[in-house]
1. Pop a pseudo-label 7 angstrom from the Cα along the beta-carbon direction at both Asn59 and Asp83 and give the gap in nm to one decimal.
2. Hey, rough spin-label estimate for Gln74 and Tyr95, points 7 angstrom out along Cα→Cβ, what's it come to in nanometres?
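Coordinate-derived values only; no laboratory data. These figures come from a predicted structure and were not determined experimentally. All Cβ positions, even for glycine, are placed from backbone atoms using ideal geometry, and neighbour counts span all protein chains on display.
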Amino acid sequence: MTPQYCSSCWHEIEGEASFCPNCKSTHLCSEEMLAGTLMTCLSHPVREYRLIAVESLGNIRYEPAQPYLTSIVQSEQDTEMRDAAVESIKKIHLYWQNSDQETRTVFYEKSDMSEHTFR
């Protein structure tokens, strides 16, 4: 079973929950929906939202985010943001380095980043 995520606090929810145990919200979403929202948030004008997105993309090990995280590392003036991007890249790289081919194939079949626009 694939995990669900809270669209209010982005907490990962295991099992058949109908609400988030963290914030009690009933607004749950799939990993794909969460990843799309997080990718969009990378260009959000509010710094805190961008930082949460950078950290969360690493936590869900979303490999298509790597080029955008690398761009943040190379161009961002905010040290905390750069450090968070580096940590997320490490998490993503380590996870996918240890994944089998079937996991990668299923992931890429479900991922379509063509609808996202970034900086």
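1. Between Asn59 and Asp83, the label points sit 1.8 nm apart.
2. 2.3
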